[in-house]
């Protein structure tokens with residue numbers, strides 16, 4: 001498993017019986033991230049069998065309700081489930097104050113640590129990095145301070161070419177890590193076996209960009225250039241570009257234009273306004289500009305283990 | 001329509017795929033009240049077709065998440081729906097601060113007024129009163145400051161006995177209000193027709209008591225004496241009375257004992273702990289003490305227009 005994305009909610013503004021606000025669950029290189037957390041996210045996680053204990057990092061794009069009103073409930077539920085591991089929360093300044101106040105009022109202090117990473121920079125910055133994954137912000141343009149997030153796998157180790165390795169009795173298991181990291185092997189005779197004769201090229205690191213909510217903002221293109229999968233909001237169709245300008249959202253066509261300029265492998269759109277009855281219209285409009293478009297739908301899971309990208313429902 | 005109660009959610013602690021936290025919608029004498037507002041309440045309101053614009057008063061028992069984390073989302077949605085009417089919110093001190101902070105962070109000031117009625121008294125008090133309904137608090141015993149609420153119809157006007165009235169040409173429509181309010185009628189001859197010959201007795205005012213969350217607290221009995229319908233939490237069965245003591249909740253048997261002592265017409269129980277797979281056990285236990293017991297279930301609607309009380313699903 002390299003990269004899986006599960007849509008938990010993908011509609012804008014207000015929850016309805018079968019329309020949940022934004023939340024996505026990303027599995028990338030064995031890291032498990034929650035991105036945005038609208039009201040009802042924890043219920044959707046239960047419904048789609050997302051393990052609560054796997055999540056150690058939550059990324060909140062902005063403080064509009066449809067992107068973060070579910071956060072305090074999830075934090076409380078982690079407490080009820082006797083969580084002990086620290087939880088990292090990345091989001092705009094203010095997220096700490098409002099979370100702490102709610103915990104204080106309900107006298108529900110968590111037994112686990114919550115580490116807040118409050119964001120205020122208007123430039124793209126690395127906010128998470130370990131040996132497997134890097135996360136950097138994508139500054140967006142919305143009515144309040146908003147970031148998208150770019151998740152990138154770190155370059156991977158080379159793969160062992162076991163068949164070739166077996167030809168040399170001198171190469172032992174304890175040498176494998178050196179081979180994986182690209183070193184040549186020196187036989188006792190002094191002969192040097194070049195690394196590329198003993199290994200195969202590693203899998204290409206994969207990447208996912210999450211961009212919601214934002215007006216059309218082509219200056220994010222260099223940040224997300226060549227991303228494998230781009231989620232970009234498409235709140236309106238181009239018949240209501242006036243509403244996009246007023247509310248700082250994008251049309252399906254604008255989302256597709258960003259995907260096209262960024263040379264994305266695939267575009268997923270969502271955050272549909274409730275004024276549209278048939279979301280298929282969004283796909284149709286986006287496809288006039290960019291060919292590889294998917295509609296976000298709650299419960300849909302995208303698996304990016306191989307090309308072409310597979311969709312599992 | 002006199003009194004209808006719709007259960008929107010009735011499970012304790014954490015929302016699950018098919019278990020929603022506490023919220024109830026009460027229609028009483030043409031007033032429409034929302035009682036508690038756990039996460040997902042607005043979604044449940046959509047599902048069960050509760051008109052958003054009808055609600056002008058929300059009563060929050062306490063500030064644990066499963067009773068109020070859905071409030072800010074509902075307030076925001078009222079704003080998105082262009083509400084103009086003021087909204088009254090009754091709940092523990094602190095509810096104003098946390099609501100205002102969330103609106104401030106999301107730059108989502110409502111265009112309608114929110115009037116907070118913050119409660120801190122440990123004695124029962126009238127917190128709402130108009131010409132049709134009175135609402136008073138029921139001080140409960142929980143881990144944080146908590147009130148239940150008693151909703152009582154005001155005494156009603158007498159009904160016109162049209163058949164009898166028609167026998168007197170002199171009685172005109174403009175006299176009806178005097179008759180309804182109990183006045184005798186004086187004919188031009190000087191003869192007095194006693195009111196009870198021209199009218200029928202009014203419907204008995206009905207009442208509903210909401211008690212969640214609380215440990216067994218028999219001193220609420222005088223406040224809710226002879227209530228028509230009592231909702232009382234039953235988080236555990238009596239096998240886990242130890243947990244009730246620790247968490248300040250009640251068993252089904254204790255809820256039934258309160259209903260019995262208060263001479264309630266009917267008892268509805270809910271707020272079930274997720275440790276119990278079969279909620280029918282709660283009814284069974286309560287019925288050992290009190291005969292007229294119903295299990296709260298999301299979407300169930302109790303109509304108290306007539307006796308025996310009718311349940312509409």
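Of note:
- Among all positions in the stretch A:252-262, there is no residue which is closer than 28 Å to residue A:45 by Cβ and assigned to a loop (DSSP other than H, G, I, E, B).
- Every test in (1) more than 9 Å from every other protein chain (Cβ to nearest Cβ); (2) within 29 Å of residue B:108 (Cα to Cα) is passed by residue A:51 save one, and that test is (2).
- Of the residues in the stretch A:216-224, none is surrounded by fewer than 17 Cβ atoms within 10 Å (Cβ to Cβ), within 34 Å of the chain's Cα centre (by Cα) and not assigned by TED's automatic domain parsing to the domain that holds residue A:13.
- Boolean, residue A:112 is away from chain B (no Cβ under 12 Å) and under 23 Å from residue B:12 (Cα atoms): yes
- Residue selected from the stretch A:1-48 under the condition facing chain B (nearest Cβ under 10 Å), out of contact with any helix residue (DSSP H, G or I) (no Cβ under 9 Å at 6 or more places or on another chain) and not in a loop (DSSP other than H, G, I, E, B), by the criterion surrounded by the most Cβ atoms within 10 Å (Cβ to Cβ): A:44
- Of all residues in the stretch B:27-61, those satisfying the criterion of being touching a residue at least 24 places away in the same chain (Cβ under 8 Å) and more than 27 Å from residue A:67 (Cβ to Cβ) are B:27, B:28, B:29, B:30, B:31, B:32, B:33, B:35, B:56, B:57, B:59, B:61.
- Candidates B:251, B:247, B:288: the one that is surrounded by fewer than 19 Cβ atoms within 10 Å (Cβ to Cβ) and within 21 Å of residue B:61 (Cβ to Cβ) is B:247.
- Search result, residues across the stretch B:139-159 that are more than 19 Å from residue B:27 (Cα to Cα), at pLDDT 95 or above and touching a strand residue (DSSP E or B) at 6+ places or on another chain (Cβ under 8 Å): B:139, B:140, B:144, B:145, B:146, B:147
- Options B:213, B:228; residue that is within 14 Å of another protein chain (Cβ to nearest Cβ), surrounded by 16 or more Cβ atoms within 10 Å (Cβ to Cβ) and out of contact with any helix residue (DSSP H, G or I) (no Cβ under 7 Å at 6 or more places or on another chain): B:213
- Verdict on residue A:165 being within 23 Å of residue B:106 (Cα to Cα) and more than 14 Å from chain B (Cβ to nearest Cβ): no
- Subset of the stretch A:216-245 (residues that are farther than 14 Å from residue A:149 by Cβ and not in a helix (DSSP H, G or I)): A:216, A:217, A:225, A:226, A:228, A:234, A:235, A:236, A:237
- Considering the stretch B:63-89, the residues that are in contact with a strand residue (DSSP E or B) (Cβ under 6 Å, 6 or more places away or on another chain) and closer than 26 Å to residue A:109 by Cβ include one that is nearest to the other protein chains (Cβ to nearest Cβ), namely B:63.
- Residue A:61 surrounded by fewer than 21 Cβ atoms within 10 Å (Cβ to Cβ), at pLDDT 95 or above and under 16 Å from the mean Cα position of the chain (by Cα): no
The values are calculated or read from the model by the stated rules, or taken from the named source; none is laboratory data. Values in this document were obtained by computation on a predicted structure and should not be read as measured data. When we count neighbours, we look across all protein chains shown, and the Cβ atoms used for this are built from the backbone with ideal geometry, even at glycine.
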